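J.: Take this structure first; my questions come after.
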Amino acid sequence: MGIIAILASIILPRYNQFTVQARISKTKMNLVTLKTGFANYYYQMLLEGEVAGFPATPPDSQLTTEWSQNTILDNGLRPVDLFSEEEILYNPNNNPYLYYTLPPDSTYTPGFALKDPDYNFEVKFRP
C-alpha cells in the first residue's frame, strides 16, 4: 500500500503537468487557426478587388457559435464558413475566445487580435 501511495504521489503531479501543457498547446493551436481563417478572409477580399477588412467585433468580443453563425461578412459568408469544420473554436475549458479589431495608428495598418481569457495568450494580425 505504501509503495502505491509513493508512486501515486510521483505520477499524479506529472500527469497534471502534462494535462496543463496539453491545454496550453491546444489553445495556442486554436488561436493560430482562428487567426489564419480571418487573415485568409482579408486576403481573399483583397484578391477579389473588394475592400479588404476583418469581421466586425462581436458586441461582447466573444467568438461564440451564435455570433459565428448569425454574422454575415462582406462576401456573404458567415465567420463559421471560414473554417473547414464549419464551427468556431472554443478554448480547452469550453469558453469562447475574445476577438477585437485593432485601429490603425502612425506605425501600423488596421488589424485584429485574438485572446484566450483563461490562459492569457494573445495573437495579433496586421497585414
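The values are calculated or read from the model by the stated rules, or taken from the named source; none is laboratory data. Since the model is a prediction, treat every value here as computed from it, not as a measurement. Because the Cβ atoms are built from the backbone with ideal geometry, glycine has one as well, and the counts that use them run over all protein chains shown.
J.: Report, ordered by the first and then the second residue, all pairs with beta carbons closer than 8 Å, sequence separation of six or more or different chains, a first member in the stretch 1-27 that is surrounded by 10 or more Cβ atoms within 10 Å (Cβ to Cβ), and a second member that is at pLDDT 80 or above and of a type in the set (A, V, I, L, M, F, W, C).
T.: Every condition considered, the pairs that remain are Ile24/Phe121; Thr27/Phe121.
J.: Take the residues of the stretch 39-70 that are hydroxyl-bearing (Ser, Thr, Tyr) and either surrounded by 16 or more Cβ atoms within 10 Å (Cβ to Cβ) or out of contact with any helix residue (DSSP H, G or I) (no Cβ under 8 Å at 6 or more places or on another chain) (or both): which is nearest to Pro110 (Cα to Cα)?
T.: Tyr42
J.: A further question on this structure: State which residue pairs qualify: first residue over 27 Å from Asn95 (Cβ atoms) and inside the stretch 39-68, second residue modelled with pLDDT under 95 and assigned to a loop (DSSP other than H, G, I, E, B) in any location, beta carbons under 6 Å apart, and separation of 6 or more residues or different chains.
T.: Once the first residue is over 27 Å from Asn95 (Cβ atoms) and sits in the stretch 39-68, its partners that are modelled with pLDDT under 95 and assigned to a loop (DSSP other than H, G, I, E, B) give Met45/Ala52; Leu46/Ala52.
J.: Please find, within the stretch 23-57, the residue that is nearest to the chain's Cα centre (by Cα) out of those that are of a type in the set (Lys, Arg) and under 15 Å from Lys124 (Cβ atoms).
T.: Per the stated criteria, the residue is Lys35.
J.: Would you confirm, using the coordinates I've provided, whether Leu82 is under 15 Å from Pro127 (Cα atoms), surrounded by 15 or more Cβ atoms within 10 Å (Cβ to Cβ) and not charged (D, E, K, R)?
T.: Spelling it out, it is not the case that Leu82 is under 15 Å from Pro127 (Cα atoms), surrounded by 15 or more Cβ atoms within 10 Å (Cβ to Cβ) and not charged (D, E, K, R).
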